[in-house]
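A.B. asks: If you scroll down you'll find the structure; I have some questions about it.
The values are calculated or read from the model by the stated rules, or taken from the named source; none is laboratory data. All values derive from a computational prediction rather than experimental measurement. Quick reminder, even Gly has a Cβ in these numbers, built from the backbone with ideal geometry, and neighbours come from all protein chains shown. All accessible areas refer to the heavy atoms of the entire protein, side chains included, with ligands and DNA or RNA removed. Shrake-Rupley method; radii C 1.70, N 1.55, O 1.52, S 1.80 Å.
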Amino acid sequence: MRADLLSDAVDGLDEALAAVDGFDEALVAGLLRPQPGQTGGLTGLADAVAGTPLAARVAEAADRTAAGAAGEDHFVALAAARTALLGSVHDALTARVDEVTGRPRAEEATVAAANDNEHAANLYAAARSWLCDLVRAGWQGIDHELVGGAAPVVSAMLPDPALRRLATLLDGFAAELAASCPGVTLERVPVRRWADLWSRALLLTLPGAARASAVAEATGRLLPLGVDVQEHATAVQAQVHAVFEPADGGTPRLVRASVSAPKPDTVVGAGLWQLLRPHMSLLEAVSEGRAMDLDAMPVTAEGDLVWDDARARGGEPAEALATARVALPTAAAFAVAPLDRHPARIAVPVLLEGYGVEEGDDGIVFRVAGYRLAVDTGRVPAAGPLSPEVVAASGACVGLLRWDAGEFLLQPLAVERTVRKKTVAVHAGAWAGGTTDKAGIRAEKAATDAVGVLRERAGRLLRK
């Protein structure tokens, strides 16, 4: 891994992000009657895409918006320009990561044809109208009445599996906004995040934008690298990163397999696994350090396995660090779908060895080939034995290379360290399939008790 390349400047990166930031700031006060200070952000966005096929539409949209006369099509054009800029940032950073890792480049993804019916078209239009009302009011102008306008749209979308992706996004976005109402009292606005959610949701309302990814079948051996756990108050997701070796001897590929579940906010730490493991046998294989043999497992054009326990069986032992040393260097990534091209979504599995460790007020830093790579221990889940102290004592690490706030970061998935002259591996997902660790057992018991109480209360309500 050529970590020294991570410090090299990426041409045009700062300018693209500055254009996005300028536009995002304009959304804070709203675009109903833009003030002179907001027009610079609109003009900057239009200038940034002046040499692209979007140029004419975005220039017109910026002019009409600055004049306070923008319609839905103009807001869609602005959202498309913003998404395109962040997509270019994603692609430039991904190209740099490819140089660093020396792995094969990804192939272009394909998507299945859209099949939007009239009912869906009406719901898309309703969602688009709400999102445009939001941006006219701005984040400082939101109130409960405005935010509540999303509820009937979400309720109508949720029963349709084809619309559930957008419905979930709108529901979560509206919940965040509702928790911040009224906007005029906000001391701090999550400018980039809300602009991300708004622009993504708006583009997903366009016919064909939410096309399903093409699905193929994967037969061969799956070698897990580690688990990334994402937890919220009411939901949890575990995403397993792995190398897939096709049975026909084809190029190994980087893939992901995800499982998610709703949860009560009282279930935390190792207790999360008991909500997830009944839905995916892969978690047990990760915990045991074993490969899995797949038979015609569905896989999307972006490399996401559509997990089906009936199409997988336990395989031979396969330790994550060994997989990273042997199989990871030649594994090719799948391409990223256009609307998913965002720098925050970069998560590339890498192996680091022979690094120095620095600890300070700004956290843990790995010094690799003279480059100081920040370690994001805040992403290490509490649902496992991997801790900042263990990471700081390590000599080898499998992690996800990410990009955040203008720099590359490493999220550890598994590390090796020496204990009493013996090399020991510690994994973030070591408790995924069960644990004999005392802390893990206590957390699982507490979660079992909490879930039992909630089920009993729910049963009472249903009996009434």
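A.B. asks: Out of all DSSP beta bridges with both ends in the chain, state the antiparallel percent to the nearest 5. Don't skip to the end; give the middle numbers.
C.D. replies: Working: 65 of 71 bridges.
Approximately 90 percent, going by the DSSP bridge assignments.
A.B. asks: Which whole-number percent gives the relative contact order of the chain, counting Cα pairs below 8 Å spaced six or more residues apart?
C.D. replies: Details: 881 pairs, mean separation 70.3, N = 464.
Value for the chain: 15 percent.
A.B. asks: Defining a contact as two alpha carbons under 8 Å apart and six or more residues distant in sequence, what relative contact order in percent does the stretch 215-330 show? List each step's numbers first, then the result.
C.D. replies: Details: 235 pairs, mean separation 36.2, N = 116.
About 31 percent, as a whole number.
A.B. asks: On to the next question. From the phi of every residue in the stretch 121-127, what ³J(HN,Hα) in whole Hz does the Karplus formula 6.51 cos²θ - 1.76 cosθ + 1.60 yield, where θ is phi - 60° and glycine or proline is x?
C.D. replies: The phi angles translate into 4, 5, 5, 4, 5, 5, 5 Hz.
A.B. asks: Further question: Quickly rank 154-163, 281-290, 405-414 as a protection proxy: mean count of other C-beta atoms within 10 Å, highest first. Before the final figure, lay out the partial values.
C.D. replies: Numbers: 154-163: 15.7, 281-290: 21.3, 405-414: 19.7.
Result, highest mean first: 281-290, 405-414, 154-163.
A.B. asks: Something else now. Return the sequence-ordered ³J(HN,Hα) values of the stretch 70-81 in whole Hz as given by the Karplus equation 6.51 cos²θ - 1.76 cosθ + 1.60 applied to θ = phi - 60°, using x for Gly and Pro.
C.D. replies: The phi angles translate into 7, x, 4, 4, 5, 5, 4, 5, 5, 5, 5, 5 Hz.
A.B. asks: Divide the volume of the convex hull of the Cα atoms of the stretch 215-330 by its number of residues and quote the answer in cubic angstrom per residue. Each step should come with its number before you reach the end.
C.D. replies: Numbers: hull volume 11.8 nm³, N = 116.
Measuring per residue, one finds 102 Å³ for the Cα hull of the stretch 215-330.
A.B. asks: Now a separate question. Keeping all protein chains in place, calculate the accessible area per residue for the stretch 186-256 (probe 1.4 angstrom), answer in Å².
C.D. replies: Details: 3060 Å² over 71 residues.
Accessible area per residue, the stretch 186-256: 43 Å².
A.B. asks: Could I ask something else about it? If one computes the Cα centroid of the stretch 241-310 and of the stretch 58-87, what distance in Å separates the two points?
C.D. replies: 40
A.B. asks: Evaluate 2.2 N^0.38 Å with N set to the residue count of the chain, then give the Cα radius of gyration divided by it.
C.D. replies: On the way: Rg = 23.4 Å, N = 464, 2.2 N^0.38 = 22.7 Å.
My calculation over the Cα atoms of the chain gives 1.03.
A.B. asks: Still on this structure, please answer the following. Residue by residue through the stretch 248-259, which ³J(HN,Hα) values in whole Hz follow from phi under the Karplus form 6.51 cos²θ - 1.76 cosθ + 1.60 (θ = phi - 60°), with glycine and proline marked x?
C.D. replies: Per-residue couplings from phi come out as 7, x, x, 5, x, 10, 7, 10, 9, 9, 10, 9 Hz.
A.B. asks: With n ≥ 4 as the cut-off for DSSP H runs, can you work out [θ] at 222 nm for the chain, using -39500 (n - 2.57) per run divided by the number of residues, rounded to the nearest 500? Kindly include the intermediate steps, with their values, before the conclusion.
C.D. replies: Numbers: 14 runs with 182 residues, N = 464.
For the chain, the value works out to -12500 deg cm²/dmol.
A.B. asks: At a 1.4 Å probe, what is the % contribution of carbon and sulfur to the accessible area of the chain?
C.D. replies: Details: 11270 of 21860 Å².
C and S fraction of accessible area: 52 percent.
A.B. asks: Check residue 409: other-chain or 5+ apart residues with amide H under 5 Å from its amide H, H built from backbone geometry?
C.D. replies: Residues meeting the criterion, in which the H sits 1.01 Å from N, are 402, 403, 404.
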